[in-house]
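Have a look at the structure below before the remarks.
Just so you know, all these numbers are worked out from the coordinates, no wet-lab data involved. What you are looking at is a predicted structure, and each value in this text was computed from that prediction instead of being measured. Here the Cβ positions follow ideal geometry from the backbone for every residue, glycine too, while neighbour counts run over all protein chains shown.
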Amino acid sequence: MTISHAVPNSSGTEAPKLVAPANAADCHIHIYDPRYAPPVARPTNATVADYRLFQRRIGVSRVVIVTPRNYGNDNSFTLDAIAALGIDNARGVAVVTPEITERQLAKLHDGGVRGIRFTVGNPETAVTSIDMIEPLARRIAEFDWHVQLNMEPEQVVESAAMLRRLPTTIVFDHLGKLGLAGLDHPAYAVMRELIDRRRAWVKISGAYLNTKVGPPLYPEATAVARAFVDAAPERAVWGSDWPHPTPKIPPDDAVLFDLLSDWAPDEATRKRILVANPEALYGFPKRV
């Protein structure tokens, strides 16, 4: 008998074919909680309770909560979500601006935050800007945080010299957004240089943001994910991007998770991506 696993903001109801290893981490989700501004959170039904349904369906037990741009630089709900899920199993990536104080940074760290995100592709909706990256990176270096970049490939190329100077680790969002640009784009060479120098990581996530063909194979995203995993499996982490704020029709999360069987066919490599790498990057407790 097929068990139904209905999850808000996710198509399909079946569990994935791929069985997640113990302590597997979903390294990129957003929480939208109507208790916090903005008054109408989008998407709806994207609270901690809703995400627990996702965890039961997919089989992941650890999570990294990324503050979405809708909340500006208000990270209070991210801290609350980490506390609700338990700091041993949850971490956060915050959005901050230059006026943040050292005391506020320390509070974020104590609450489980381990990085700050810059979503800079569209200046009209961006909360942060590229010129904030380096100064803020200097301030968070003492916490051993990373900077997480949601940048267009062209912006990566234009910012390459600055990225090489950063005193922190870099994490590239959603396959570096290279699915439509392709591996021949010069941004791939910049990312690979930083990864090969152990200065950067990549989130193999957001397949539906990196394809024209779409499910179930997401071929453009698959080509990029395979390239990163083949080159440096020790520098890749996986994320669902639940609750999928971009597409009008939410993807099937079981299909997205099963892509890992193609992106990393070796079981030991998948376990590394899902367990050991998140432990190294986010400081999750190491468990046998």
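So what are the radius of gyration and Dmax for the Cα set of segment 1-156, in Å?
Just the Cα atoms of segment 1-156 yield Rg and Dmax of 16.6, 56 Å.
Once label points are set 7 Å from the Cα along Cα→Cβ at both Arg165 and Glu102, what is their separation, rounded to one decimal in nm?
Computed distance between label sites Arg165 and Glu102 equals 2.3 nm.
Towards the positive end of the charge dipole of the chain, with charges on Cβ (+1 Lys, Arg; -1 Asp, Glu), say which of Pro251, Gly115, Val224 has the farthest Cα.
Most positive-ward Cα: Gly115.
Just to be sure I understand the model, the point goes 7 Å from the Cα along the line to the Cβ. What's the resulting Asp131 to Arg198 distance in nm?
Label-label distance for Asp131 and Arg198, simple model: 3.6 nm.
So what J values fall out for segment 14-22 if you push phi through Karplus, 6.51 cos²θ - 1.76 cosθ + 1.60 with θ = phi - 60°, rounded to Hz, Gly and Pro as x?
Once rounded to whole Hz, the list reads 8, 6, x, 6, 6, 8, 6, x, 4.
A 18 angstrom limit on the alpha carbon distance is what I want to check against. Which of Lys17/Lys271; Lys107/Lys286; Lys203/Lys271; Lys17/Lys248; Lys17/Lys203 exceed it?
Distance filter (> 18 Å) returns Lys107/Lys286; Lys17/Lys248; Lys17/Lys203.
Counting only DSSP beta bridges with both residues in the chain, tell me the antiparallel percent, nearest 5. It would help to have the intermediate numbers written out before the result.
On the way: 1 of 27 bridges.
Close to 5 percent.
For the chain, evaluate the Debye formula with one uniform point scatterer on each Cα (no solvent term) and list log10 I(q)/I(0) at q = 0.06, 0.09, 0.11 Å⁻¹, rounded to two decimals.
-0.16, -0.38, -0.58
Tell me which of Ala83, Ile204, Ile133 sits at the most positive position along the dipole axis of segment 25-282, charges placed on C-beta atoms (Lys, Arg +1; Asp, Glu -1).
Highest projection toward the positive end goes to Ala83.
For the chain, which DSSP H helices look membrane-span-like by this rule: Cα extent along the axis of 30 Å or more and mean Kyte-Doolittle of at least 1.6? Please report the intermediate quantities before stating the final value.
Values: long enough: none.
Helices passing the filter in the chain: none found.
Could you tell me which residue out of Ala22, Ile195, Gly176 lies farthest along the dipole of the chain toward its positive end? Charges go on the beta carbon: Lys and Arg +1, Asp and Glu -1, centred on the Cα centre.
Projecting each Cα onto the dipole axis, the largest value belongs to Ala22.
Between Asn45 and Ser76, how many nm apart are label points set 7 Å from Cα along the C-beta direction?
According to this spin-label approximation, the distance is 2.8 nm.
Treating only the Cβ of Lys, Arg, Asp and Glu as charged (+1, +1, -1, -1), what charge dipole size does segment 178-288 show about its Cα centre? Round to the nearest 20 debye.
Working: 14 positive and 14 negative charges, 87 e Å.
That gives a dipole near 420 debye.
With charges only on Cβ, +1 for K and R and -1 for D and E, what is the dipole size of segment 1-71 about its Cα centre, in debye, rounded to 20? Before the final figure, lay out each step's value.
Working: 8 positive and 4 negative charges, 11 e Å.
The dipole of segment 1-71 has a size of about 60 debye.
Quick check for me: using +1 on Lys/Arg Cβ and -1 on Asp/Glu Cβ, what's the dipole size of segment 25-282 about its Cα centre, in debye to the nearest 20? Don't skip to the end; give the middle numbers.
Values: 29 positive and 32 negative charges, 59 e Å.
Here segment 25-282 has a charge dipole of around 280 debye.
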